[in-house]
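Everything below concerns the one structure shown next.
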Number of protein chains: 4
Amino acid sequence: MMIIMHPGAPREQIDAVIAEIEKQKLTSHPIFGVEQTIIGAVGDGHYVAKEIFEAFPGVMEVQRISKPYKLASRQFHEQDSVFQLDGFSIGGTEIPIIAGPCSVESRAQILEIAQAVKEGGANALRGGVFKPRTSPYAFQGLGEEGLEYMVEAREKTGLPLVVEVMAVSQIEMMTKYVDVFQLGARNMQNFNLLRAIGETRTPVLFKRGMSATIEEMLMASEYIISGGNTRVMLCERGIRTFETATRNTTDINAVPVLKKLTHLPVIIDPSHSTGDSAFVSAVAKAGVAAGADGIIVEVHQDPAHAISDGKQSLTPEAFAKMVKQVKAVAEAVDRRLVVSQHATA
Amino acid sequence: MMIIMHPGAPREQIDAVIAEIEKQKLTSHPIFGVEQTIIGAVGDGHYVAKEIFEAFPGVMEVQRISKPYKLASRQFHEQDSVFQLDGFSIGGTEIPIIAGPCSVESRAQILEIAQAVKEGGANALRGGVFKPRTSPYAFQGLGEEGLEYMVEAREKTGLPLVVEVMAVSQIEMMTKYVDVFQLGARNMQNFNLLRAIGETRTPVLFKRGMSATIEEMLMASEYIISGGNTRVMLCERGIRTFETATRNTTDINAVPVLKKLTHLPVIIDPSHSTGDSAFVSAVAKAGVAAGADGIIVEVHQDPAHAISDGKQSLTPEAFAKMVKQVKAVAEAVDRRLVVSQHATA
Amino acid sequence: MMIIMHPGAPREQIDAVIAEIEKQKLTSHPIFGVEQTIIGAVGDGHYVAKEIFEAFPGVMEVQRISKPYKLASRQFHEQDSVFQLDGFSIGGTEIPIIAGPCSVESRAQILEIAQAVKEGGANALRGGVFKPRTSPYAFQGLGEEGLEYMVEAREKTGLPLVVEVMAVSQIEMMTKYVDVFQLGARNMQNFNLLRAIGETRTPVLFKRGMSATIEEMLMASEYIISGGNTRVMLCERGIRTFETATRNTTDINAVPVLKKLTHLPVIIDPSHSTGDSAFVSAVAKAGVAAGADGIIVEVHQDPAHAISDGKQSLTPEAFAKMVKQVKAVAEAVDRRLVVSQHATA
Amino acid sequence: MMIIMHPGAPREQIDAVIAEIEKQKLTSHPIFGVEQTIIGAVGDGHYVAKEIFEAFPGVMEVQRISKPYKLASRQFHEQDSVFQLDGFSIGGTEIPIIAGPCSVESRAQILEIAQAVKEGGANALRGGVFKPRTSPYAFQGLGEEGLEYMVEAREKTGLPLVVEVMAVSQIEMMTKYVDVFQLGARNMQNFNLLRAIGETRTPVLFKRGMSATIEEMLMASEYIISGGNTRVMLCERGIRTFETATRNTTDINAVPVLKKLTHLPVIIDPSHSTGDSAFVSAVAKAGVAAGADGIIVEVHQDPAHAISDGKQSLTPEAFAKMVKQVKAVAEAVDRRLVVSQHATA
């Protein structure tokens, strides 16, 4: 931590900061410059918040040197984390593909899509049963009934289930059904929920908030990991910017940045990051080319009649075509899609 | 709703859209243009999501005409809503001031600040007991113990309590203590929480999410109002932009825009919207000049040693000075601060 | 400047940075921490770019301590700059109001508006004769002919002229006509133009770029001041954010931030910062309440038929009403509008 | 164009809008809805600005249907434009790579880099001789002397030259030296410069402004094309967002969006869009995977001592490695790098 004092800050203000640094079990290194004094605070500062110093009289600015997260950092865990999930691994050479509808709408719908994405090359089935909807008047999901249909789909296809959890009260019930919890973008800083998920041992697909920085994303993931649930996969799903040509802006830079800062696997969600099925395949390929460890996409057998997110859903045919293209790009960057005995792609 | 077809969309695609419009109990008005066809969908469209049409084959774009919210809209309720709270009203001529620390840190601290803000001109006391912290290693609040101290502060000063609720599980307990629920920016789209608050009858100070549009803010408030809890106060607390000179960017435009779109009272939070006590007073005055109906600010007797948000907290002296300045601006725009027999300002 | 080395950077990389610091006539102060080394570079660093160090092997990050601008900074020039213009001053107690149409459309139009804004309380006349238009098919301005009409308007009303200059080649000609150059948002980093304006002695109304940070704005103004043209007025005209309810987002925080960082006067342009005449008056008042030293607004006698920016133009009646409201707010913050013998407000 | 009237707008306001539509040689189609009236304006509306209607009394909102640009649009020119430049084509199957230093610093430097990028697989040489620098105290470029060195580099390597033009006054002189004009991000809406470039017949590498929408980019390119200079290559170089982990945010979505909206070739600049050489290769691959037609990157033989942009410059070795990786990705998406008899890659 570097504490930069205002020009002309008197000696007693400097001394007060130094005293606080030592109270925090750090060592102080003041540099008395021509215009102003800068005080270095050296030691294990991961757990010392910079705001402790920001309000001290005479302090102009505080800048962190060490990262404000630890367990998620590559400094703490140098090797890539590789998680073994049901039927595939993530974080190593293999690139799994998670696909399915935005919402589970009916038994018939999810069974049909599950079969279709399996044939197209998917390794896991996604589907929402509790839906975060911008409008209170929109369809809010089938709830536990939807989970029962998903379990049936898993039985028929062998695909593990990735389902969004929206509230602490849903965790216990959902744990019985799902293989991977999805933590949605709107809940990235729902700290009670993060803590509760951290107490489970269900792997987590953790989505970046739409205006969260990469650092905030890693700090929020630390809530889960510090609870002992270490199998967190980070998902770039687009951020909010001034551009309105697409629903969100895919922050493709986040892929190599995350691979540098953290050992956790990184997944890209081109359905949400573009909001338009016409652009999903291009951005899926871009994600893999940039180093992503997995892909999650929305697929619907009849996008025009999907209850939600139809515009960004691929048809099964478009999905199968995307998988073939992604496979070629994966091989060009020395990765491969998951080798499965069932998939036809 | 206007459904704009792709140039050259064939007649059967147009007909499919028209059929869906009628299924939604709206009337269709196609305009067959030179390059493309546009289909107007007329009727009560508040509850019809535009995404229903977006994925139909041949549809290029769908544009709403009517607002996607209703109960919050000024069209639905033309007069300003004026709420009577304990000791003051909001939404009319009077401008109440809510003040207090970011976090309740101890009994002594909250009792002292409560007295100080009362003397400085506050009409309600804010204080956090469950804290949404970016880092899992930061202080997370005193919980129910903190509420007990706040109640004691209310007894001594008469100031009603404004406290953030972070989880559905906290609502029942908190209802016994607090006068106004604060719904925090990070939870603006925590729909389960919104719905649960909508079932209470405790007034709500509803904060805009840091990357929420004004329209999304109004749609989210609709979750609460449609549950029957109509006393919602909207709070502009800064949005996230590229500018890093301040913690957030105060969207001052949001004040007159909200006053035009909704009948609900609008509050400004210059502490969070600037993140720096040096700028709080200027932005508080700006908010009132722009038409805000109330102010919420952070005050701490010793900002340098505040556990959280010290940098943006006013001292009691600075707070009292701000109140005097805000009073002058309020009167310049034909408003007035709350007339209280206790306040010295 | 603080140069933060990567954890584990070897001694020779540290030495290379130290050597470069000394080559730049600064003094080096290395701090050897547990995890990494930080090197302070102390001295007059205004003119040393941080990028000099950023690409050195082993450097993780470089952070400035001193500001990258000097002449514009309050540290260099502690007192507020007050400029005497024709008929009013800016930067002191008086708040001048600049008003007029987006574009000069005809002789009759500008003469009529000039008279109207004069009567409504304006102290200077704005009007564009070279128009930066997003589309090449839109009206591009009357050019020198428009300036002749403006001069005639000045003769009849006494109002000095504020006119945008868009190209180096226009400067010489325009110098004969105008009292204040406006430097438009799209040209804020047109460095050739900045330098050429710096060589004139015509005062400059300098608009912030729509995605420029406050620091970049001050650095760009330094191009003009370092040429010897010190009469620069900084104008906040809204920034680009994700919010689409208004054309731009008024960064009201920028007003007190600029007043802290620089001695130059600060002007607010609520016409561009909102893009909607319905919100101009509220934001003009907010600007003055926040500490702005002046206001510039668009006024048109027939907004519906204005060639450009009609939506954000006030009618003369609305303008006169706004001036009265702004006057009350100015007085509430111990300022006053310019006292003129002509104005009727 | 759809003109949406305010609820309750009286008949005479509707009639005034209809009269204006017909004055603009469009046909009006009013839809009289329950709450409000919408008026469709049908015909060739490319050249009719929506602002013409925005300020009419009673108008709530105006929405374009046809695009505000024409010559750049894929509707106007359905096939991909393929330009033959010196030694390669762009817009077809081949993906050219443009490489070189940010600034030409000396004769020796540019000759060495030119040779190095040639050997690494470049098809054109970039280099700046007039530099847009944020600070007036930074190196501003070698000017014409730098161009002479570049010409010498072209003679030795055969690589055509891509050089930024910053001012109208530089065009005539530069035309004698350069093969492709680069139009920089800060000048994307410098309309005088755009128009002047449109009058030349030198191909243009046209960079997106850092806060320009895709639509504004296409409208600005129309300034050049409508002057008769049709060889415009659009370049995504990152946009400004709230994320600070990278210098800019690469808008990878822009690649497929542009390929859909326009026939012009699309180039990606991962050096500026990331600002960090560590991420350039990942994003270059992503760009090609997403459909980009070319790449431009910064290369320097000694990034630590580059006068500008050292942090984002690749070494020649890193560049050659990137080219090999990009080649593999290009082939995975059925493209290929330019086949050159000189390159060793």
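Computed from the coordinates by the stated procedures, all read-outs in this text should not be read as laboratory data. Here the structure is a predicted model, which is why all the values come from computation and not from measurement. Glycine also receives a Cβ, built like all others from the backbone with ideal geometry; neighbour counts cover every protein chain displayed.
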For C:Val297, what residues show an amide H to amide H distance below 5 Å, using hydrogens built from the backbone and excluding near sequence neighbours?
C:Ile98, C:Ala99, C:Gly100
Let me check against my output: what whole-number percent is the relative contact order of region D:83-337, with C-alpha pairs under 8 Å and at least 6 apart?
20
Taking only Cα atoms and a 10 Å spring cutoff, compute GNM fluctuations for chain A and point out the largest among A:Glu78, A:Glu144, A:Glu243.
A:Glu243
Going toward the positive end of the dipole of region A:182-257, with +1 on Lys and Arg Cβ and -1 on Asp and Glu Cβ, which of A:Val255, A:Cys235, A:Ile197 do you reach last?
A:Ile197
Taking neighbour counts of Cβ atoms within 10 Å as a proxy for exposure, in what order, fewest first, do B:Phe181, C:Phe319 appear?
B:Phe181, C:Phe319
Suppose R0 equals 22 Å; then what is the FRET efficiency for C:Lys321 and B:Thr93 from their Cβ-Cβ distance, rounded to the nearest 0.05?
0.65
Taking the Cβ of C:Asn229 as the center, what net charge do the other residues with Cβ under 13 Å away carry, scoring Lys and Arg +1 and Asp and Glu -1?
+1
Taking 7 Å along the Cα-to-C-beta vector as the label spot, tell me the A:Thr244-D:Thr244 distance in nanometres, rounded to one decimal.
2.9
Counting only DSSP beta bridges with both partners in region D:42-188, the antiparallel fraction in percent, to the nearest 5, comes to 25
Lys, Arg +1 and Asp, Glu -1 on Cβ, resulting dipole of region C:80-195 about Cα centre, debye, nearest 20
340
Cα centre as origin, Lys/Arg/Asp/Glu Cβ charges: the protein assembly as shown dipole, Debye:
0
Per-copy distances of the B:Val151 label point, shortest first, in nm (7 angstrom along Cα→Cβ):
4.3, 7.9, 8.7
Among the trypsin sites (Lys or Arg not before Pro) in region D:160-238, which ones are in a DSSP loop with at most 15 other Cβ atoms within 10 Å of the Cβ? Mind listing them?
D:Lys176, D:Arg201
Computed over region C:83-337, Cα set: Rg, Dmax in Å:
16.4, 47
Cα lying deepest toward the dipole's positive end in chain D, options D:Ala9, D:Val338, D:Phe32, charges on Cβ:
D:Val338
Calculated on alpha-carbon atoms, Rg and Dmax of region B:62-131 in Å:
18.2, 57
Starting from a label point 7 Å past Cα on the Cβ side, list the distances from D:His305 to the same position in the other copies, nm, shortest first.
5.5, 6.9, 7.1
Simple SL model, points at 7 angstrom along Cα→Cβ for D:Val151 and D:Thr27; separation in nm is 5.8
5 Å is the cut-off here: which amide hydrogens, built 1.01 Å from N in the peptide plane, fall below it relative to D:Ser103, excluding neighbours closer than 5 in sequence?
D:Gly128, D:Ser308
Please give the FRET efficiency for C:Val339 paired with C:Ser106, using the beta carbon to beta carbon distance and R0 = 25 Å, rounded to the nearest 0.05.
0.15
Please list, in order along region A:143-149, the HN-Hα scalar couplings obtained from phi with the Karplus expression 6.51 cos²θ - 1.76 cosθ + 1.60 (θ = phi - 60°), rounded to whole Hz, x for Gly and Pro.
x, 4, 4, x, 5, 4, 5
Would you mind listing the distances between the A:Gln63 label point and the same position in each other copy? Use 7 Å along Cα-to-C-beta, nm, one decimal, shortest first.
0.5, 4.7, 4.7
What are the semi-axes of the equivalent ellipsoid for region C:229-345, taken as the square roots of 5 times the Cα gyration tensor eigenvalues, largest first, in whole Å?
22, 20, 13
For the pair A:His305 and A:Asp86, how long in nm is the line joining their label points, each one 7 Å along Cα→Cβ?
2.9
With point charges of +1 on the Cβ of Lys and Arg and -1 on the Cβ of Asp and Glu, referenced to the Cα centre of chain C, which listed residue (C:Ser281, C:Val82, C:Gly184) lies farthest in the positive direction of the dipole?
C:Ser281
Let me spell out the model: positive unit charges on the Cβ of Lys and Arg, negative unit charges on the Cβ of Asp and Glu, origin at the Cα centre of chain D. What dipole size does that give, in debye rounded to 20?
360
Bridge orientation stat for the protein assembly as shown from DSSP, antiparallel percent rounded to 5, came to 40
Karplus couplings for region C:200-207 from phi (6.51 cos²θ - 1.76 cosθ + 1.60, θ = phi - 60°), rounded to Hz, Gly and Pro as x?
8, 10, 7, x, 10, 9, 10, 8
What whole number of Å gives the distance from the Cα centroid of region B:1-63 to the Cα centroid of region B:106-124?
57
Short version: ³J(HN,Hα) in whole Hz for each residue of region A:104-109, in order, from phi by Karplus 6.51 cos²θ - 1.76 cosθ + 1.60 (θ = phi - 60°), x for Gly and Pro, what are they?
6, 9, 6, 4, 4, 4
Looking along the axis that carries chain C onto chain D, the residue of C whose Cβ comes nearest, with distance in whole Å, is C:Ser211, 2
I want the antiparallel fraction of DSSP beta bridges within chain A, as a percent rounded to 5.
40
Sequence-distant or interchain residues sharing an amide H contact under 5 Å with D:Ile95, placed H: which?
D:Arg336, D:Leu337, D:Val338
